[in-house]
Amino acid sequence: MLSRDMEKYDEEKNEKYLLSKLLEERLLTIYDSYHDSPISSPIEVIQNRLVEEFDEIGLRYLLNYQNQVRDIGNLINLSIYGELYPYINQVEIFKENKNGIQLDYSDDYSEISKVLSKRKSIRDFSGKSISFNIISNILFNASNMWKRDEFLRKNTSSGGGLYSIDIYLYANTIDDLNRGIYKFNPFYKNLELISNTSYSKINEIFGDNAVIDFENSGGIFLFTFDYLKVFQKYGELSLSLGFIEIGLLSQNIHILSVLYGLGTCDVGGFDKNICEDVLKIDGINTHAVYAIVFGDPKHV
């Protein structure tokens, strides 16, 4: 029995080795990716195994969008916009044609319909600790990896089935989890500790945000995008596919959070460089692009 087990182990080990060599020889890799500025490194000096010149607009955007976030912040008075936004959609009603073909819907009472109708952005939190079981259920159901038809698949769509988005968790006040940054592993359904990050470092990432109560939140889901993984197959379509995948994943998290009684709020603007340092990603192959803060709602 032991010899059979060893044979099976050696066979699997050999299979993994051959697969890794195949990927190493065929897939695109960018290296020398240390970053210390809003532009991680000049495009012209990024070395590439397969092509001499690598000048792709999607990568340029990811390397430079931190500057764009800052510029937008200088141009728009967010406090004025905050006062006006409740009325923007009401104004849109007057622009629409009300004489179209009416939908024949009949489901506005099922459990899924009720959960969907309750989703809204929550920015104020009570500071109450969140159950680790709830966070586990959200991660498991939002981005679990299953084996179907001999292939590993997730329960969200992804361009080419490449699954280029990873989820990191900043645990602020979660039962049985020390404060820090963890990476969710959908293969083994576990969390890997990346760093014992303090709240002060999180405050550096998200700045002096007076709108969202980060300090009393349960934590933050942080999304990273493996750009090169998608680019190898889809080229200039990569950026769009990555953002679409994040949207699908985030909607799962929002809906599951409603189901478990948590409040959530999307966060698109933060210090990308500091965030990537904390997550220990390079900022060229892989980028921090999005976040969801969550917690026990202060007001229901």
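The values are calculated or read from the model by the stated rules, or taken from the named source; none is laboratory data. Worth saying up front: this structure is predicted, and the values here are computed from it rather than measured. Here the Cβ is made from the backbone with ideal geometry for all residues, glycine too, and neighbour counts use every protein chain on show. To get the accessible areas, we keep the full protein, side chains included, count just its heavy atoms, and leave off ligands, DNA and RNA. Shrake-Rupley method; radii C 1.70, N 1.55, O 1.52, S 1.80 Å.
The figures follow:
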read-out: Top-ranked residue in segment 181-196 [being surrounded by fewer than 18 Cβ atoms within 10 Å (Cβ to Cβ) and in contact with a strand residue (DSSP E or B) (Cβ under 7 Å, 6 or more places away or on another chain); ranked as farthest from Ile130 (Cα to Cα)]; value: Phe187
read-out: Search result, residues across segment 159-174 that are in contact with an Asp or Glu (Cβ under 9 Å, 6 or more places away or on another chain) and under 13 Å from Ser250 (Cα atoms); value: Ile165, Asp166
read-out: Failed item, numbered, when Gly261 is tested on (1) assigned to a loop (DSSP other than H, G, I, E, B); (2) surrounded by 18 or more Cβ atoms within 10 Å (Cβ to Cβ); (3) modelled with pLDDT of 90 or more; value: (2)
read-out: Options Val230, Val211, Val258: the member that is touching a residue at least 60 places away in the same chain (Cβ under 8 Å) and closer than 26 Å to Asp282 by Cα; value: Val230
read-out: Search result, residues across segment 281-300 that are under 22 Å from Ala142 (Cβ atoms), open to solvent by less than 20 Å² (accessible area, probe 1.4 Å) and more than 15 Å from the chain's Cα centre (by Cα); value: Gly295
read-out: Given (1) among the hydrophobic types (A, V, I, L, M, F, W, C); (2) assigned to a strand (DSSP E or B); (3) under 19 Å from Leu241 (Cβ atoms), number of the condition Trp146 does not satisfy; value: (3)
read-out: Top-ranked residue in segment 222-241 [being among the polar types (S, T, N, Q) and at pLDDT 90 or above; ranked as most open to solvent (accessible area, probe 1.4 Å)]; value: Ser240
read-out: Of residues in segment 111-136 being under 29 Å from Asn185 (Cβ atoms), at pLDDT 95 or above and out of contact with any Ser or Thr (no Cβ under 9 Å at 6 or more places or on another chain), the one surrounded by the fewest Cβ atoms within 10 Å (Cβ to Cβ); value: Asn133
read-out: Residue under evaluation Val278, criteria (1) closer than 17 Å to Tyr168 by Cβ; (2) over 17 Å from the mean Cα position of the chain (by Cα); (3) assigned to a helix (DSSP H, G or I), criterion not met; value: (2)
